[in-house]
Ligand code: G4F
């Protein structure tokens, strides 16, 4: 039985990946902060259905010894390093902890892998935020990076560390440059979930309006469930290579809004308030993947279309509001 170790297992991607790997008959281990283990209801809700099948270890990205100990003990075949401070806006408010946690965390994971489980295959969760102020459209594996936030910078550094471990120490280490991927399990701070929950609450007279920043921003949005399969495929290849993972289709925040409100028979223009405070000091205006390599070499193709994703998120939040979950 293969063993996988996931950092960030309690997040959106971690929870879908854990489900995916359990179905493939892996023994699945996850690293969780002690505070989360002590507050299962709020912090581990995404793992509710599978928690009994998981091996959870208490550890922190800020502590090299805690990570080294777990990697040494588990001896995983595959390591998926997904944990990070992943909210771009927050990285402007607290550059220092974003850089510290994301860069050191990745470095600690790579160093522990090299030292204690060198046979492990290593996946690093890169991001299309690395392309930032894009120098070409669409973006592929050779597009130059131009990060626009501490978050983007931390991911470029993680990418370089991962590449360097691959080249210097022969670690099977790869980066997935994932474009935005969403689902009903998305955190509330991200724009798609903020919209889907607001739509459900407005429809049920619990909220009157929604405040947003730059609704002209363009993103390549896919479904997280599809994207975790790409992570796994990257570690099943003969050679460790970096891949751009996206749909190749672009939409504005405004289009997301429009479809979400339309789905419940409302017009977003009647409820939208533009708030200057929600604009970022340096915005990433447009992201679009050229996923040709992942299609050709991994045989990966996203299954869930944009409109389906929006509707699934709104439907899920309508149920949450009805069940008084939120
Ligand atoms: O949903 P967002 O916060 O996601 P963002 O910044 O694109 O980052 C996400 O995707 C990355 C992959 O490219 C990940 F690496 C990262 O960890 C994260 O998952 O914002 C999307 C767009 C931005 O242009 C933002 O300015 O929506 C715009 N926006 C407009 N109003 C807003 C809001 N974003 C948020 N979060 N909240 C608003 O009120």
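Read-outs throughout are calculated quantities, based only on the coordinates presented, and are distinct from any laboratory measurement. Because the structure is a prediction, the values reported are computed rather than measured. Here the Cβ positions follow ideal geometry from the backbone for every residue, glycine too, while neighbour counts run over all protein chains shown.
Per-structure values
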read-out	value
Sites residue 205 and residue 93 - FRET efficiency at Förster radius 30 Å, r taken between beta-carbons, to 0.05	0.40
Rounded if a/c under 1.5, otherwise prolate or oblate - segment 250-326, Cα gyration tensor axes	oblate
Gained length - residue 249 relative to residue 135, 0.36 nm times residue gap less alpha-carbon distance	39.3 nm
Amide N proximity, segment 299-326 versus residue 48 label position 7 Å along Cα-to-Cβ, cut-off under 18 Å	313-326
Shape call, segment 27-86: gyration tensor on alpha carbons, a/c limit 1.5	oblate
Order of 51, 144, 155 under a 10 Å beta carbon neighbour criterion, fewest first	144, 51, 155
Per-residue [θ]222 nm for the chain (sum of -39500 (n - 2.57) over DSSP H runs n ≥ 4, rounded to 500)	-11500 deg cm²/dmol
Rg followed by Dmax, in Å, when segment 117-159 is reduced to its Cα trace	12.2, 39
Order of 300, 221 under a 10 Å beta carbon neighbour criterion, fewest first	300, 221
Relative contact order of the chain, pairs being alpha-carbon contacts under 8 Å that are 6 or more residues apart, as %	17
Sorted by Cβ density within 10 Å, fewest first, the residues 252, 142	142, 252
Residue of 150, 68, 36 that the Gaussian network model of the chain assigns the largest fluctuation, springs spanning Cα pairs under 10 Å	36
Tail weight of P(r) past 33 Å, computed on alpha-carbon pairs of the chain, percent	24
0 to 90° range, to nearest 10: angle between helix 191-203 axis and the chain longest Cα axis	40
Global form of segment 238-283, assessed from the alpha-carbon gyration tensor, a/c cut-off 1.5	oblate
Length added when fully stretched, residue 36-residue 280, from 0.36 nm per residue minus Cα-Cα	84.9 nm
Of 224, 84, 282, the one that fluctuates the most in a GNM where the chain has Cα springs shorter than 10 Å	282
Net lengthening on full extension, residue 326/residue 236 (0.36 nm per residue, minus Cα-Cα)	28.5 nm
In degrees, nearest ten, helix 12-23 long axis to first principal axis of the chain (Cα)	60
Between segment 165-234 and segment 265-308, the Cα center-to-center distance that results, in Å	8
Fraction of antiparallel bridges per DSSP, segment 173-326 only, in percent to nearest 5	20
Most mobile of 202, 153, 177 in a GNM of the chain (Cα contacts under 10 Å)	202
